[in-house]
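Notes follow once the structure below has been shown.
Bear in mind these aren't lab numbers, they're just calculated from the coordinates by the rules spelled out. Remember, predicted model here, so these are calculated numbers, not experimental data. Here Cβ is always computed from backbone atoms with ideal geometry, including for glycine, and neighbour counts include all displayed protein chains.
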Amino acid sequence: MNILLLGSGGREHALAWKLAQSPRCSALFAAPGNPGIAAHAVLVDLDLADHAAVVGFCQVQQIGLVVVGPEAPLVDGIADSLRAAGFAVFGPGKAAAQLEGSKGFTKDLCREADIPTAGYIRCTQADQALAALADFSLPVVVKADGLAAGKGVIIAQTREEAEAAITDMFGGSFGASGAEVVIEEFMDGEEASFFALTDGTSVVPFGTAQDHKRVGDGDTGPNTGGMGAYSPASVLTPAIETDIMARIITPTVETLAARGTPFSGVLFLGVMLTAQGPKLIEYNCRFGDPECEVLMLRLESDLVDLLLAVAQGRLAGAPPAVFSKDAALTVVMAAKGYPGTPEKGAPITLPDAPKGSVIFHAGTAEKGALIANGGRVLAVTALGRRVTDAQDAAYALVDRIDFPGGFCRRDIGWREVAREALAQAD
Ligand code: AMP
Ligand code: GLY
């Protein structure tokens, strides 16, 4: 089968690496792809906003499955355009992608379906938002409603900070994404990522991970798209997983199906483990980056089988997804300046990765030599028996990479490494 993968980051490199291993994959195309993806796929220069061009390419190449990596084309309705032309697509249509495209949409759905999440108010005017602050204690969370590449969330410690965030968002600092603002109650607890595949009717869990959002060691500094991750996240015990499936995911899938806008693809939840149990922080309508890198390294099942079963509405009859008992950990190497303005063009020399490790490309370009071409540049990923072993292997590989224009956190996995050390001492 011919497969088209849309996107160009570390998540898409991990998906390409895994899709290309399937005996069912005869030709893999990626648009626009990156130099790492080029090792597994033919790169195609398509504008993802030009749906007619993407559909036309699928017709010419007789594509049997389209896998959409990032959220922006999904929120823009690329899956609808492809489905209307008869193609099997992994990824939700525009209406269901609102789970990520509008935070207010998701909060209203949670209220309707009685899904545990932080209390909130949606505001379309600055005055209304400023007045609504009186109903919240500190800290308080202020969010731009729309897509903001992980940057539209402010956790305000003081009223002044909250007011400044509101003024800023309505003032246009997040463009159209900030035309509406959601004010939320702050939830305290440990955060984890949970994945589930659904074809709109059936739902199966698809692994857990923990991301590291802050740029600096010890979870300090500004938020990023994610500086590293490990999987599985042992804080999500089987009992908590069952609870999340029953009280958060299943009601979400059922509510969207009942509205006539079923969600087909991967649901990626940020969950807060609070004293009152797991609560939804947010939904994403695609795989996490860098969470996808660790999931793909641990996945033993054929990815094409699974994604095609989702795309064709046959998930109930598909064999269950099997993950290795081993852990995986990924360390993001970013270009200096990230998450502000990253320095582009720094040269990179990569060693061969040993068995069990993969260097995924995120923001690289090939200009005679390999160079940095984005904020997050590489995702250095390794397997190990425990997270501690995967961490050792990932950093051993990081230390062999020649990328003087880059930096990384040195403590990815620290929560789990501390738990493993405690368990060993017992
Ligand atoms: P989001 O883009 O909604 O995932 O928010 C980004 C980050 O902000 C999350 O990963 C959390 O760490 C934090 N966050 C968002 N909402 C809340 C909340 N209601 N309480 C505490 N932390 C939050
Ligand atoms: N790593 C967080 C995200 O992909 O949204």
Of the residues that make up the range 125-141, is at least one under 24 Å from residue 254 (Cα atoms) and crowded, with 18+ Cβ neighbours inside 10 Å?
no
If the requirement is being over 20 Å from the mean Cα position of the chain (by Cα) and either closer than 26 Å to residue 8 by Cβ or among the hydroxyl-bearing types (Ser, Thr, Tyr) (or both), which of these qualifies: 411, 402, 392?
402
For the subset of the range 183-240 comprising residues that are on the phi > 0 side of the Ramachandran plot and touching a Gly at 6+ places or on another chain (Cβ under 8 Å), which member is farthest from ligand 2 (Cβ to nearest atom)?
200
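Got a number for residues in the range 163-191 being part of a helix (DSSP H, G or I) and within 13 Å of ligand 1 (Cβ to nearest atom)?
Counting residues in the range 163-191 that are part of a helix (DSSP H, G or I) and within 13 Å of ligand 1 (Cβ to nearest atom) gives 2.
Yes or no, residue by residue, for (1) crowded, with 17+ Cβ neighbours inside 10 Å; (2) hydroxyl-bearing (Ser, Thr, Tyr); (3) farther than 22 Å from residue 116 by Cα; (4) away from ligand 1 (no atom under 16 Å from the Cβ):
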position	(1), (2), (3), (4)
229	yes, no, yes, no
233	yes, no, no, no
242	no, yes, no, yes
246	no, no, no, yes
253	yes, no, no, yes
256	yes, no, no, yes
290	yes, no, yes, no
300	no, no, yes, yes
306	yes, no, yes, yes
Is it the case, given these coordinates, that residue 258 is more than 16 Å from ligand 2 (Cβ to nearest atom), over 14 Å from the mean Cα position of the chain (by Cα) and under 27 Å from residue 12 (Cβ atoms)?
no
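The rows are residues; the columns are (1) of a type in the set (Ser, Thr, Tyr); (2) touching a strand residue (DSSP E or B) at 6+ places or on another chain (Cβ under 7 Å); (3) buried (at least 17 other Cβ atoms within 10 Å of the Cβ).
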{"residue": "42", "(1), (2), (3)": "no, yes, no"}
{"residue": "46", "(1), (2), (3)": "no, yes, yes"}
{"residue": "50", "(1), (2), (3)": "no, no, no"}
{"residue": "53", "(1), (2), (3)": "no, no, no"}
{"residue": "60", "(1), (2), (3)": "no, no, no"}
{"residue": "63", "(1), (2), (3)": "no, yes, yes"}
{"residue": "67", "(1), (2), (3)": "no, yes, yes"}
{"residue": "81", "(1), (2), (3)": "yes, no, yes"}
Does any residue in the range 210-222 that is farther than 20 Å from residue 288 by Cβ come within less than 9 Å, Cβ to Cβ, of a residue that is of a type in the set (Phe, Trp, Tyr) and more than 16 Å from ligand 2 (Cβ to nearest atom) six or more places away or on a different chain, and which pairs are these?
217/414; 218/414
